[in-house]
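Quick note: the coordinates plus some simple rules give every number you see, no bench work behind them. As the structure is a computational prediction, the values presented were derived from the model and not from experiment. For neighbour counting, all protein chains shown are included, and Cβ atoms are generated from backbone atoms with ideal geometry for every residue, glycine included.
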Amino acid sequence: MKTTAAFAGLAALALTAQAAPAQDALSPPPGSNLLLEAHAQGVQVYVCTKKENGFVWVLDGPAAALFNAKGREIGTHGKGPMWTLADGSAIVGELVAKQDAPDKGSIPWLLLKVKSHTGTFGTLTNAETVRRIDTEGGVAPPDGCDEPNQGDIARIRYSAMYQFYGQ
């Protein structure tokens, strides 16, 4: 009887842990408001680089277009990481938290804080936090990086949803 109760308690605990959505670990700060949600389509750029223990693909940065909910291109996402909108606003982010994507063939989900702004008006002027979720693809190649390929560039297609939060 005690064994059954203990097992039931452990099972309930396991179910509770599994029920938490993946995005919770990457939630924006309390009181944040969603300013913009933009879908990105583009590539993650990797460079074959020599490291202490061999050659590895190192992320150089993204190169992607940003689209609004109606499918209209509204800006770009590039190295920095930087997001630039057609309205003149731009931000640079800094990593706060990272979580594996549910699909192992996709780049991680991220939470970033805004470390700098460009532009005095526009949608991103008041952005404080950026969240990358719903990623597809973009993972570095599993092979093809060795001494003869040092300096080679790999452009791997990816898509993601970027959510911009502010007060």
Looking only at region 96-107, and only at residues there that are outside any strand (DSSP E or B) and among the small types (Gly, Ala, Ser), the one that is farthest from Tyr165 (Cα to Cα): Gly105
Of the conditions (1) closer than 16 Å to Trp57 by Cβ; (2) under 10 Å from the mean Cα position of the chain (by Cα); (3) free of Cβ contacts under 8 Å to residues at least 60 places away in the same chain, Ile107 satisfies every one except a single condition; which number is it? (3)
Restricting to region 137-167, name every residue that is surrounded by fewer than 16 Cβ atoms within 10 Å (Cβ to Cβ) and of a type in the set (Asp, Glu). Asp143, Asp146, Glu147
Is it the case, given these coordinates, that Ala69 is surrounded by fewer than 21 Cβ atoms within 10 Å (Cβ to Cβ) and closer than 12 Å to Tyr162 by Cα? yes
Quick one: count up the residues across region 34-66 that are surrounded by 14 or more Cβ atoms within 10 Å (Cβ to Cβ), at positive phi and either among the basic types (Lys, Arg) or touching a Cys at 6+ places or on another chain (Cβ under 9 Å) (or both). 0
State whether the residues of region 140-159 include one that is assigned to a strand (DSSP E or B), touching an Asp or Glu at 6+ places or on another chain (Cβ under 7 Å) and of a type in the set (Phe, Trp, Tyr). yes
Quick count over region 21-61, residues being part of a strand (DSSP E or B) and not charged (D, E, K, R), is 23
Tally of residues being within 13 Å of the chain's Cα centre (by Cα) and of a type in the set (S, T, N, Q) across region 78-99: 1
So, first residue among the acidic types (Asp, Glu) in region 121-135, second residue assigned to a strand (DSSP E or B), Cβ within less than 7 Å, six or more apart or across chains; the pairs are Glu128/Lys113; Glu128/Val114; Glu128/Tyr165; Glu128/Gly166; Asp134/Ala160; Asp134/Met161
Scan region 108-137 residue by residue and report those that are of a type in the set (Gly, Ala, Ser) and in a strand (DSSP E or B). Ser116, Ala127, Gly137
Which of the residues that make up region 28-77 are more than 18 Å from Gly151 (Cβ to Cβ), within 18 Å of the chain's Cα centre (by Cα) and without any contact (Cβ under 8 Å) to a residue 24 or more places away in the chain? Thr76
